[in-house]
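Enquirer: One structure coming up, written as structure tokens, with questions to follow.
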Amino acid sequence: MSAHSKLAKIEEIVSEQTSVPPASQPVPRVVLVTGGTGGIGTAICKRLARLGHIVATTYRNAEKARLWESEMNKEGFAFHLYQCDVADFEDSQRMVKSVVAELGPIQILVNNAGVTRDSSLRKMTHEQWKTVISSDLDSVFNVTRPAIDYMLESGFGRIINISSINGQKGQFGQSNYAAAKAGMHGFTKALALEVAKKGVTVNTISPGYIETEMVAAVAESIRAGIVAQIPVGRFGTPEDVAHAVAFLVADQSGFITGANLATNGGHFME
Ligand code: CAA
């Protein structure tokens, strides 16, 4: 059979399949994405909204959030924005309560907010250490703790912690960030055990180097060296990560818990 007729055959089979009803749309759920105004966060918010979910997100910088919201509105998205410092427990509790009061019980939580303060340990200040640990790791406790009961009560929950390749392999200049990101996965596994029987899954996604402002801030010479180490031959896109999130939050993904989904173009394999 020629390549042309093989393609024609495939088209014929696909067109026959159109009589099969499409897979059902997911049940709309209240989603909270922390740090949604950043590169990866934005892609996650859009992807989950396109799936029909109600998406709330947190921000710290009001000016940046206003611009982001108007950009999103122009693109046809209507997200629910909440100002919150997720590094602060009381502020996180207050924010979660507001989301639930205004939108309903949170059933999908994406702990995405994070910062870097890169420095070799010999030059690292205590402030740089504390900033990263509180924003990237404490935040996971701060937001998950007040949100978890709503998931347990409703018998459905999806928690996704956005970690990093550098929490798996380490990275020169990131002892603070690598510690926080590795810690997230320990948290994931422990909590996954605690809530598995209640329909709540907890997973980590470990993105590799993704085209975001965070990666753009790394010196060009270092970035060129990094891309050379990525087997797929390019940096990832925020949409690559959003796709992994969409997979793990699906109703059909209930048997996947305590996992770490590497999304890194083959840059690091365990
Ligand atoms: N491996 C080994 N040695 C290295 C090195 C490396 N990657 N980078 C620098 N060095 C060496 C230098 O050659 C130099 O050696 P000598 O003293 O013998 O000459 C020494 O270390 C310099 O040490 P310094 O403490 O002075 O380093 P610096 O201040 O010049 O630079 C840094 C430190 C700013 C952290 C820089 O290394 C850097 O930007 N690294 C990249 C960090 C990175 O990849 N961050 C990722 C951000 S994106 C992200 O985090 C998202 C995600 O999840 C993937």
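Enquirer: Can you list which of the trypsin sites (Lys or Arg not before Pro) found in the range 94-140 are DSSP loop residues with at most 11 other C-beta atoms within 10 Å?
Expert: Counting only loop positions with at most 11 other Cβ atoms within 10 Å, the trypsin sites (Lys or Arg not before Pro) in the range 94-140 are Arg122, Lys123.
Enquirer: Next question. Consider just the alpha-carbon atoms of the range 20-110 and return their Rg together with their Dmax, both in angstrom.
Expert: Over the range 20-110's Cα set, Rg and Dmax evaluate to 13.6, 50 Å.
Enquirer: Which of the three applies to the range 195-270, rounded, prolate or oblate, going by the alpha-carbon gyration tensor with a ≥ b ≥ c and a/c under 1.5 meaning rounded?
Expert: Taking the square roots of the gyration eigenvalues as a ≥ b ≥ c, the range 195-270 is prolate.
Enquirer: Okay, next question. Considering only DSSP states other than H, G, I, E and B, which chymotrypsin sites (Phe, Trp or Tyr not before Pro) in the range 160-267 qualify as loop sites with at most 15 other Cβ atoms within 10 Å?
Expert: Passing sites in the range 160-267 are Phe172, Phe255.
Enquirer: Under a GNM of the chain (C-alpha, springs under 10 Å), which listed residue has the highest mean-square fluctuation: Ile162, Ile230, Ile148?
Expert: Ile230
Enquirer: Could you tell me which GluC sites (Glu not before Pro) in the range 50-145 are loop residues by DSSP with no more than 13 other beta carbons within 10 angstrom of their beta carbon?
Expert: Here the GluC sites (Glu not before Pro) that fit, given the DSSP loop and packing criteria, are Glu75.
Enquirer: Report the Cα-based extents of the chain along its three principal axes, largest first, to the nearest Å.
Expert: 67, 48, 41
Enquirer: Please check which bits of the range 228-243 a label hung off Ala3 would reach, taking the label as a point 7 Å along Cα-to-C-beta and the cut-off as backbone N under 16 Å.
Expert: none
Enquirer: Rank these for me by crowding, Thr58, Thr42, going from fewest to most other beta carbons within 10 Å.
Expert: The fewest-first ordering by Cβ neighbours comes to Thr42, Thr58.
Enquirer: Along the three principal axes, how long is the range 124-270 when you take its alpha carbons, biggest first, rounded to the nearest angstrom?
Expert: 50, 37, 25 Å, listed from the longest principal axis down.
Enquirer: Also, I was wondering about something else. Under a GNM of the chain (C-alpha, springs under 10 Å), which listed residue has the highest mean-square fluctuation: Gln83, Gln252, Gln168?
Expert: Greatest mean-square fluctuation among the candidates belongs to Gln252.
Enquirer: Membrane-span-like helices in the chain: DSSP H runs reaching 20 Å or more (Cα, own axis), mean Kyte hydropathy at least 0.0?
Expert: Qualifying helices, which must be both long enough and hydrophobic enough, are 139-154, 175-195.
Enquirer: With Cβ to Cβ distances under 12 Å as the rule, what net charge do the other residues near Thr263 carry (K, R +1; D, E -1)?
Expert: Taking every Cβ under 12 Å from that of Thr263, the sum is -2.
Enquirer: Each label point is 7 Å from the Cα along the Cα-to-Cβ direction; what then is the distance between the points at Glu102 and Gln25, in nm?
Expert: 2.3 nm
Enquirer: Rounded to whole Å, give me the distance from the Cα center of the range 119-133 to that of the range 200-258.
Expert: The distance from the Cα centre of the range 119-133 to that of the range 200-258 comes to 24 Å.
Quick note: the coordinates plus some simple rules give every number you see, no bench work behind them. On a predicted model such as this, the values are computed, not experimentally measured, just so you know. All Cβ positions, even for glycine, are placed from backbone atoms using ideal geometry, and neighbour counts span all protein chains on display.
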